[in-house]
1. Which of the residues spanning segment 247-291 are more than 20 Å from the chain's Cα centre (by Cα) and part of a loop (DSSP other than H, G, I, E, B)?
2. Of all the residues that make up segment 174-193, how many are within 12 Å of the ligand (Cβ to nearest atom) and either assigned to a helix (DSSP H, G or I) or in contact with a helix residue (DSSP H, G or I) (Cβ under 8 Å, 6 or more places away or on another chain) (or both)?
3. What about residue 196, is it assigned to a helix (DSSP H, G or I) and in contact with a strand residue (DSSP E or B) (Cβ under 7 Å, 6 or more places away or on another chain)?
4. Exactly one of (1) surrounded by 23 or more Cβ atoms within 10 Å (Cβ to Cβ); (2) out of contact with any strand residue (DSSP E or B) (no Cβ under 7 Å at 6 or more places or on another chain) is unmet by residue 216. Its number?
5. Between 10, 51, which is in a loop (DSSP other than H, G, I, E, B) and at pLDDT 95 or above?
6. Between 158, 207, 217, which is part of a strand (DSSP E or B) and either on the phi > 0 side of the Ramachandran plot or within 11 Å of the ligand (Cβ to nearest atom) (or both)?
7. Of the conditions (1) within 16 Å of the ligand (Cβ to nearest atom); (2) at pLDDT 95 or above; (3) over 19 Å from residue 184 (Cα atoms); (4) touching a strand residue (DSSP E or B) at 6+ places or on another chain (Cβ under 7 Å), residue 122 satisfies every one except a single condition; which number is it?
8. I need the full set of residues from segment 77-94 which are within 16 Å of the ligand (Cβ to nearest atom) and either touching a strand residue (DSSP E or B) at 6+ places or on another chain (Cβ under 8 Å) or modelled with pLDDT of 95 or more (or both), in order please.
Ligand SMILES: *Cc1c(COP(=O)(O)O)cnc(C)c1O
């Protein structure tokens, strides 16, 4: 296995060679919390204590660094723990420009927690590069924002941000660029290759891929950032267990296949939804009428497997959306996304409840689908039956 192999090959083999002694083709789960020293300070594999570093986590970190085209992977107990560790790079008084459509939990952390420590989040529609340039201007004290936090595609409206263009603007004003790559995964989009400084993942979603592990990762190419991130990973200690690392590694091996199939299903469903009289608007980066079609083609290998749609305009949509989401059989009504099974949810009253009455509020009639790898025909039939069962609900 080498860096010149294709992604589909690296995703299967990266990070591990069959074990020299046993021939095992799958890595062991190393549970030991401490490691024997041959003399004081004489570590055998560089390990002394499992929070600091351990063999199973190191495999996951190396694999993710490889897949994102980075040099360092750093694993955490959740996507939010990874996000919190990016914050440790900032100082009181710093401002951080964020996608105005950012993951609800990221906004909650920034608005309710980071603010108490003197870090100010500035929500901006990052599709608008003039708005980004304006937000990057120095304040009255001559201080420009220190960081730009991008999510693309955004959640749940699937807006696309031009990573290269945003990186150029950020770098010109001395800001770091962080990209939450959870929705796209490195199979569809590699922000570090476009100049971003740090990639963030909720491994709970597509990387794990089976709704059975919570985890997070950061990846970077910058030695200076990696050194500080490793310091805080150990100091703050929000690390994943070896078993969780192993589950994420196991899920990762099928990432390319899962993304291909789920994206194909999503494209088909988005086209089908667009024809339905009950649907006012479909949000999907692969639609010919997506306003950023050209950018999607330039930046992403495939448009991904998240689809959202509005059942009706205005406040009346809420009742229709909730009735529809309760009427599916295969699409499971649940938060989260990115696994083999298809999920459905109503962002305004579920994942995005924490942003009600903020600049990040979402349309009340919006339904979000995380499309899985089932038969597309069965998924269409399921949505069809749910429309039939729920359209008597008046908007
Ligand atoms: C889920 C999610 C997170 C948070 O990750 P957890 O693993 O739930 O802590 C962050 N960003 C995005 C885009 C997500 O979907």
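1. We begin by selecting, within segment 247-291, every residue more than 20 Å from the chain's Cα centre (by Cα); these are 268-282, 287-291.
Residues satisfying the conditions are 275, 276, 277, 278, 279, 280, 287, 288, 289, 290, 291.
2. Initially, segment 174-193 is screened for residues within 12 Å of the ligand (Cβ to nearest atom), giving 178-185.
With the extra rule that they be either assigned to a helix (DSSP H, G or I) or in contact with a helix residue (DSSP H, G or I) (Cβ under 8 Å, 6 or more places away or on another chain) (or both), the set shrinks to 178-182, 185.
Residues that pass the stated criteria total 6.
3. Details: assigned to a helix (DSSP H, G or I): no; in contact with a strand residue (DSSP E or B) (Cβ under 7 Å, 6 or more places away or on another chain): yes.
Criteria not met by residue 196.
4. Failed condition: (2).
5. 51
6. Working: 158 fails: part of a strand (DSSP E or B); 207 fails: part of a strand (DSSP E or B).
The unique qualifying residue is 217.
7. Against the list (1) within 16 Å of the ligand (Cβ to nearest atom); (2) at pLDDT 95 or above; (3) over 19 Å from residue 184 (Cα atoms); (4) touching a strand residue (DSSP E or B) at 6+ places or on another chain (Cβ under 7 Å), residue 122 comes up short only on (1).
8. From segment 77-94, those within 16 Å of the ligand (Cβ to nearest atom) are 77-87; that's our starting set.
Residues satisfying the conditions are 77, 78, 79, 80, 81, 82, 83, 84, 85, 86.
The values are calculated or read from the model by the stated rules, or taken from the named source; none is laboratory data. Everything numeric in this text was worked out from a predicted model, so none of it was measured. Counting neighbours? That spans all protein chains shown, and the Cβs are built from the backbone with ideal geometry, glycine included.
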